[in-house]
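Working notes, structure below.
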Amino acid sequence: MTTHAEEIIEAQQRDWTIDDAISLYMIDRWGGGYFDVQAGGEMTVAPLQSKGISVPIIDVVRAAQSLSLATPILIRFQDLLRHRVETLNSAFTKAIDDHSYRGLYRAVFPLKVNQLREVVEEILDAGRPFHHGIEVGSKPEIFAGLAVHHDPDSLIICNGYKDRNYIRTALIGRKLGKKIIIVAEKVSEVEMITTIAAELGVEPWIGLRVRLLSKGSGKWATSGGEHAKFGLSTAEMLEAMEIMAEANMSSAFKLLHFHIGSQIPDILTIKRAVREAAMYYAKLYKSGHKLEYVDVGGGLAIDYDGSRSTFHSSMNYSVEEYASDIVYNIMDVCDDEKVPHPTIVSESGRATVAHHSVLVVQAFGAIEKTPLEPRVIRAADHKLVKELIDIDQRLADVNVTEAWHDLQLIKEQAQTMFELGLLALDVKARVESLYWQIAERTQTIVSAMDATEVPEDVRDLKIELADQHICNFSVFQSLLDHWALGQLFPIVPIHRLDEKPMYESTIVDITCDSDGKVSKYIDLNDVRDTLPLHEIRPEEPYLLGVFLTGAYQDIMGDIHNLFGRVNEVHVFLDPDEEAGFYIEEEIPGQPIGEVLAMTQWDWRDLEKRMKQQIDVAIKQDIVKPNEGMRLLQEYERGLKDQTYLTFE
């Protein structure tokens with residue numbers, strides 16, 4: 001006999017469509033025209049949006065598996081990366097044309113956002129027609145940046161605190177004729193720059209970062225404003241210009257820089273900061289400093305949650321609006337002050353790389369609130385069990401609140417009796433099992449009710465009932481911004497989207513840490529505590545995609561529990577290929593031995609120590625020689641294995 005709750009579930013499954021899946025996971029809102037769902041329920045990616053083909057992401061996973069690269073796996077869609085570079089530059093080109101702006105635009109990619117060589121090289125290659133440059137913020141980054149930079153018309157912006165070696169290395173680039181601008185964060189850096197430049201006999205190009213009163217909002221608001229970590233006050237800027245004048249290098253002052261924070265959700269914040277900085281530029285120019293560049297820093301946001309709002313994980317503007325507002329407001333101030341229009345520089349990193357990579361993880365188990373029935377049940381005649389069965393039989397939407405109150409009372413009675421030693425284990429097991437089954441049926445009925453009619457006592461029932469899907473990855477390695485800052489990322493099953501997900505769940509990783517979980521999920525109006533997911537079937541892997549992970553997550557990972565970098569593939573579209581794509585490069589994740597070596601456990605020493613122990617065991621006749629050698633070989637093979645779990 002079919003129960004009322006089962007009838008509701010069947011009806012919900014029958015009525016489910018692909019459009020429902022797109023709406024539930026808000027794919028059309030955060031996907032930016034790149035991600036969609038095809039008729040079979042599989043997520044697709046269109047790296048060139050409407051100008052190219054769509055590829056099922058699960059097909060890429062299968063292709064990678066044929067190359068012995070299992071999940072967790074990071075997929076980089078290189079065409080999408082190139083498309084982002086072109087989108088940014090085209091937006092500024094159009095804004096300059098629309099407003100008849102009399103200056104140029106030069107984008108630079110901040111290496112700190114993603115220092116991986118192939119990512120940087122792909123950006124520079126895609127940006128070559130636009131003279132897209134790079135921004136560096138440390139000594140290692142300037143060494144990498146110099147070597148990879150080949151376009152004499154593109155810029156290298158040098159940010160961050162600097163010592164003599166950093167400055168000398170940057171000035172090597174100036175000796176080679178590169179457009180390298182060293183941005184001073186402190187007055188003392190200006191002294192070092194002019195002194196070292198004189199020693200090398202080269203004219204430096206110097207920028208000054210001004211500390212604006214305007215500041216951003218959200219999680220990175222402290223990057224700007226009066227208390228920002230970087231930047232010079234107005235008085236310090238005047239002092240810096242005096243130092244340049246005393247060194248006969250006043251003409252070296254080329255650029256005015258500001259940065260008010262990363263992931264700025266509100267366009268009004270950007271407008272205010274741009275106008276303030278433009279006024280600094282105009283006043284400096286009119287006082288005799290013939291500046292050529294105004295660098296608006298980073299901050300161009302990504303709509304992680306699809307809400308298109310001023311929430312910290314969203315943005316209330318487009319790339320085109322961002323470019324137009326920057327160009328217009330700089331032009332407007334310059335025209336009022338009657339000074340030339342400068343070349344505009346922006347350091348958009350997150351908006352360039354976030355979309356291009358997808359982390360795919362496998363959910364291989366679930367921690368459910370409705371446990372299995374005990375193998376042996378001797379509790380059928382117990383009073384509490386009978387009362388629960390009675391509640392189950394009379395459960396209907398007309399008495400949901402009454403049934404829920406009765407259920408809670410029995411749960412409390414059972415716990416009290418157990419603590420007093422009055423309840424046997426088999427009875428306790430039966431009560432717990434029935435409690436969660438009835439609670440789940442109650443939630444099924446509640447979910448079919450109109451939201452305004454749901455009783456207050458059961459409104460949060462779905463959170464209490466939430467399962468946990470155990471996924472083969474580490475939050476600390478692959479989603480550090482979520483753990484550290486609460487950054488939201490869209491998470492969606494990459495297949496089975498033609499089925500209604502019937503479980504409210506949370507995602508936990510395989511680290512031995514209670515913080516190793518994804519605790520918040522995107523939502524249109526707020527933040528979700530749970531994520532709708534499907535039942536895990538034993539006959540097929542259940543794969544989830546974590547999207548918009550291309551910024552910072554690749555670099556900032558932590559090897560908590562010694563889980564290292566995941567497998568990685570770089571994908572290019574190719575219409576001539578049967579699948580529509582090919583894997584251009586495969587990068588295996590870090591093996592156990594390599595990760596151990598990062599924490600001073602040399603794998604050769606470990607093998608030597610194990611051999612010594614096995615030799616002793618052989619001499620003491622604990623194991624036979626052949627068995628001992630097999631054990632040693634298995635240990636040595638294991639050191640070459642991936643740090644993540646392996647499934648057949």
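Derivation of every value follows stated rules applied to the coordinates shown; laboratory data play no part. Everything numeric in this text was worked out from a predicted model, so none of it was measured. Every residue, glycine among them, receives a Cβ derived from its backbone with ideal geometry; neighbour counts consider all protein chains shown.
Numbers for the structure displayed
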quantity: For segment 233-248, Karplus couplings with θ = phi - 60° (6.51, -1.76, 1.60), whole Hz, Gly/Pro x; calculated: 6, 4, 4, 5, 5, 4, 5, 4, 5, 5, 4, 5, 5, 5, 8, 6
quantity: Leading residue at positive end of dipole, the chain (Cβ point charges), from Y317, I555, L291; calculated: L291
quantity: Residue (of F418, G133, I302) at the positive-pole extreme of the chain, dipole from beta-carbon charges; calculated: G133
quantity: Partner lysines for K428 [C-alpha distance under 21 Å; skip if fewer than 8 residues away on the same chain]; calculated: K369, K383, K386, K411
quantity: Simple spin-label estimate for E239 and V623 in nanometres, 7 Å along Cα-Cβ; calculated: 6.8 nm
quantity: Lys/Arg +1, Asp/Glu -1 at C-beta; segment 103-348 dipole; positive extreme among V187, S346, G177; calculated: V187
quantity: Reciprocal mean inverse distance between Cα atoms of segment 495-627 - Kirkwood radius, Å; calculated: 20.0 Å
quantity: Computed over segment 409-506, the ratio Rg/Rh where both radii use C-alpha atoms and Rh is Kirkwood; calculated: 1.08
quantity: Label-point separation, M610 to E578 (7 Å along Cα→Cβ), nm; calculated: 4.0 nm
quantity: ³J(HN,Hα), Karplus 6.51/-1.76/1.60, whole Hz, each residue of segment 292-306, x for Gly, Pro; calculated: 10, 10, 10, 9, 8, x, x, x, 4, 8, 10, 8, 5, 9, x
quantity: Segment 399-427-segment 107-162 distance, computed between alpha-carbon centres (Å); calculated: 64 Å
quantity: Segment 243-304 and segment 430-497: distance between their alpha carbon centers, rounded to Å; calculated: 46 Å
quantity: Calculated Rg/Rh (Cα atoms, Kirkwood Rh) (choose from (i) 1.16; (ii) 1.00; (iii) 1.06), label; calculated: (iii)
quantity: Under the Karplus curve 6.51 cos²θ - 1.76 cosθ + 1.60, θ = phi - 60°, whole-Hz ³J(HN,Hα) for segment 179-194, x wherever Gly or Pro sits; calculated: 7, 9, 10, 8, 8, 7, 9, 9, 4, 4, 5, 4, 4, 4, 4, 5
quantity: Hits among lysines - C-alpha to C-alpha of K94 under 29 Å, sequence gap 8 or more where chains match; calculated: K51, K112, K178, K179, K215, K254, K271, K283, K286, K290, K338
quantity: Rounded to whole Å, sorted largest first: equivalent-ellipsoid semi-axes of segment 55-134, Cα gyration tensor; calculated: 34, 14, 8
quantity: Extension gain from A39 to D515, taking 0.36 nm per residue of separation minus the Cα-Cα distance; calculated: 167.7 nm
quantity: Y105 long-range amide H proximity, modeled H, under 5 Å; calculated: I344
quantity: Efficiency of FRET from Cβ geometry, S23 and R275, R₀ 25 Å, rounded to 0.05; calculated: 0.05
quantity: Taking all pairs of distinct alpha-carbon atoms in segment 103-348, Kirkwood radius in angstrom; calculated: 18.1 Å
